[in-house]
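Data block below; observations after.
Just so you know, all these numbers are worked out from the coordinates, no wet-lab data involved. No experiment lies behind these values; they were computed from the predicted model shown. All Cβ positions, glycine included, derive from the backbone under ideal geometry; neighbour counts span all protein chains shown.
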Amino acid sequence: MSEITDCQLEQAGYQKVSAPLPSCTHDILEEVLDSVVQENFRRRRNGTRYAIRNALLAVPALRPLLEHGALVELARGVLGQTVALVSATLFDKRPAANWFVPPHQDLFVPIAGATNDPRWTNWSIKAGVQYVEPPVEMQRELLAVRVHLDACPGVNGALEVVPGSHRERLSEESVAEFNEEAFEVCPAGPGEVLLMRPLLVHRSRAAKLPARRRVLHVVYSAAELPKGLKWT
């Protein structure tokens, strides 16, 4: 995998890695994710599976692949040597599970424990896992590594982002104000990786093809958690 050598990630909030994952890494990830039992997937109303929110908990074999190897090395190239694995989500768009994801920032992280720090807000439980919205300074030390397991051209629901929108936590009204011209499409091929800051405003259209589109969205952190909290 290539190093991150320019300042696009800092300025725009995202950057496509120039070289795809090594084929062996891509194949192992596919093998592990293909072994997941059906019950671990979230489903649309029509019964079609489409995502695994807490993939680290649902797929134990996935954690060592993300804590060691190419993906964490990419995170270290941006965040520094001391990084922690925060979360992993598998998105699995397919013809019967093909939806539009509206513009948003990723504000919440899974967390264990508790803190009296008032900057940690909006605590909730989703699918039995505790989530919280960290303070902005903590969010700025997060990095998402998006691995495309399938071809994801613009017509297959590729990620669309608003460059430079990652510096602050925005209100829902401010996010909704971005017009069509503000978004840039980020197509990717199988094995290609996109780095992004979770505060980057992004969306995903329903696919026009539609073909299967699997993306593994992994979040790492360089921040030191306050006493009483730990990553799940």
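The distance from the alpha carbon centre of segment 96-154 to that of segment 207-230 is 7 Å, rounded to a whole number. Specify whether the C-alpha gyration tensor of segment 139-232 places it in the rounded, prolate or oblate class, a ≥ b ≥ c being the square roots of the eigenvalues: rounded for a/c under 1.5, otherwise prolate if a/b is larger than b/c and oblate if not. Taking the square roots of the gyration eigenvalues as a ≥ b ≥ c, segment 139-232 is oblate. Using the Cα centre of segment 8-223 as origin and beta-carbon charges of +1 (Lys, Arg) and -1 (Asp, Glu), tell me which of H104, T82, S18 is placed farthest towards the positive end of the dipole. Result: H104.
The aspartates and glutamates whose alpha-carbon is closer than 18 Å to the alpha-carbon of K126, local same-chain residues fewer than 8 away aside, are E39, D106. Amide H contacts of C152: A188, G189, each under 5 Å away and 5 or more positions distant or on a separate chain (H built 1.01 Å from N in the peptide plane; Pro and chain starts excluded). Once backbone amide H atoms are built at 1.01 Å from N, L107 has no partners under 5 Å, excluding neighbours fewer than 5 places away on the same chain. Over the chain, DSSP H runs of length four or greater, each weighted -39,500 (n - 2.57), average out per residue to a 222 nm ellipticity of -5000 deg cm²/dmol. Over all directions, the projected convex hull of the C-alpha atoms in segment 8-223 averages 11.9 nm² in area. Evaluated with a Cβ-only charge set (Lys, Arg +1; Asp, Glu -1), the chain carries a dipole of roughly 880 debye about its Cα centre, given to the nearest 20.
Within the listed set T25, T89, T115, the Gaussian network model of the chain (springs between alpha-carbon atoms below 10 Å) gives the highest mean-square fluctuation for T115.
Extension gain for D27-Q11 works out to 2.5 nm (0.36 nm per residue, less the C-alpha to C-alpha distance). Taking only the C-alpha atoms of segment 94-198, the Rg (one decimal) and the largest Cα-Cα distance, Dmax (whole number), read 15.8, 46 Å.
Rounded to the nearest 20 debye, the dipole size of segment 91-154 about its Cα centre is 200 debye, using +1 on the Cβ of Lys and Arg and -1 on the Cβ of Asp and Glu. Counting only aspartates and glutamates at least 8 places from K227 when in the same chain, those with an alpha carbon closer than 18 Å to its own are D117, E133, E137, E141.
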